[in-house]
Amino acid sequence: WAEARALLEEVDAKRAGEISENDWYRLKRALAVARGTGKALSDHAVVGGAVRRAESGGLSSSAVGASSSSSSSEASEASSPAGFDFRCFFLYDDREAISRRVDARCEAMVEAGLLAEVEALVLANRIRQDSSPARAIGHR
């Protein structure tokens, strides 16, 4: 990891400073983007889940097919990325109740044949080892 982190420091010091020292997934992604595009990941802007070139002179809401959801002034729209009106909502419930629902869901999935399905996929070589399902906690 130290060598990969040193490589990222060379090509994208900004992103290297943002990534946790043990976050191999983001470190690998930043290096892949730099190698594949010849540009640092921090030189790209993320808009609506898609990476757009930051050097394109900025993005407007019309450029990505979306608009602000409120009637805020042009000044406040200009200050937010791509003119979007970002709002954050936090929903929460009792942790014990959530745990009971998660446990019930997991048991139902196992009873419905999850283990047999995964076994069949593994035996058929249909799960790549670098895929999200293969890296999931509890899979190995």
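Details
- Subset of the stretch 113-125 that is in a loop (DSSP other than H, G, I, E, B) and exposed (fewer than 10 other Cβ atoms within 10 Å of the Cβ) - its residue that is modelled with the highest pLDDT: Ala124
- Among the residues of this structure, Arg100 counts as one that is modelled with pLDDT of 90 or more and either within 25 Å of the chain's Cα centre (by Cα) or over 25 Å from Asp23 (Cβ atoms) (or both).
- Residue match in the stretch 45-59 (condition: at pLDDT below 90, surrounded by 11 or more Cβ atoms within 10 Å (Cβ to Cβ) and part of a helix (DSSP H, G or I)): yes
Every residue, every condition in (1) surrounded by 18 or more Cβ atoms within 10 Å (Cβ to Cβ); (2) over 25 Å from Ser131 (Cβ atoms); (3) not acidic (Asp, Glu), yes or no:
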{"position": "Ala6", "(1), (2), (3)": "no, yes, yes"}
{"position": "Lys14", "(1), (2), (3)": "no, yes, yes"}
{"position": "Gly17", "(1), (2), (3)": "no, yes, yes"}
{"position": "Asp23", "(1), (2), (3)": "no, no, no"}
{"position": "Ala32", "(1), (2), (3)": "no, no, yes"}
{"position": "Gly36", "(1), (2), (3)": "no, no, yes"}
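The values are calculated or read from the model by the stated rules, or taken from the named source; none is laboratory data. The structure presented is a predicted model; accordingly, all values stated were derived computationally and were not measured. Please note: Cβ atoms are built from the backbone with ideal geometry, for glycine as well, and neighbour counts cover all protein chains shown.
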